[in-house]
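Coordinate-derived values only; no laboratory data. Quantities reported herein were computed from a predicted structural model and do not represent experimental measurements. Cβ atoms come from the backbone with ideal geometry, glycine included; neighbour counts cover every protein chain shown.
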Amino acid sequence: MRKILILIALLLVLTGCFGKKSENKKNPEKSNTVEVKEKGVIENKEYYGIRIEDIDFIFDGKYTTMSFNLINSRSEAVTLGRYDVIVSDSKGEEIGRLESYSNEEIPQGGSLEFSLSLDKDFSKASSVEFDFIDLIAAQ
């Protein structure tokens with residue numbers, strides 16, 4: 001009886017180890033990423049002594065992510081507060097607004113990197129403008 005159990009266990013081990021292996025090869029998903037390259041979107045901008053540079057605008061099929069650097073070229077430190085990023089199409093009509101807030105102080109000559117995301121398709125964007133609401137009110 002013991003020999004039969006050993007033989008069955010040996011057969012199970014051999015069939016399990018040397019049986020047909022099935023490999024699940026998944027096809028990599030195609031990327032639906034759209035990078036907006038319109039000059040009105042990615043060109044450097046300046047408002048009230050705040051320069052916006054290195055603008056990157058990408059739609060991944062579900063979310064639009066915008067990243068940029070804000071550089072303080074004023075003679076004193078500044079805190080932005082509330083600001084909006086207004087996105088327009090080729091007809092000049094607003095297709096979306098990214099509302100944001102920053103309580104970080106940017107020292108004179110300093111910079112901050114920002115990234116904003118919204119679950120909307122801005123791949124047809126032709127221009128981007130910034131509205132520094134609290135910065136304007138403080139002047």
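Across segment 93-101, rounded Karplus estimates of 3J(HN,Hα) from the backbone phi angles (6.51 cos²θ - 1.76 cosθ + 1.60, θ = phi - 60°) give 8, 5, 9, x, 9, 9, 8, 9, 8 Hz, Gly and Pro being marked x.
For the set LYS62/LYS91; LYS37/LYS120; LYS39/LYS124, the pairs lying more than 19 angstrom apart at their alpha carbons are LYS62/LYS91. In a DSSP loop and with at most 10 other Cβ atoms within 10 Å, the trypsin sites (Lys or Arg not before Pro) in segment 71-139 are LYS91. Compared with the direct C-alpha span, the chain from TYR48 to THR33 gains 2.1 nm at full extension, assuming 0.36 nm per residue.
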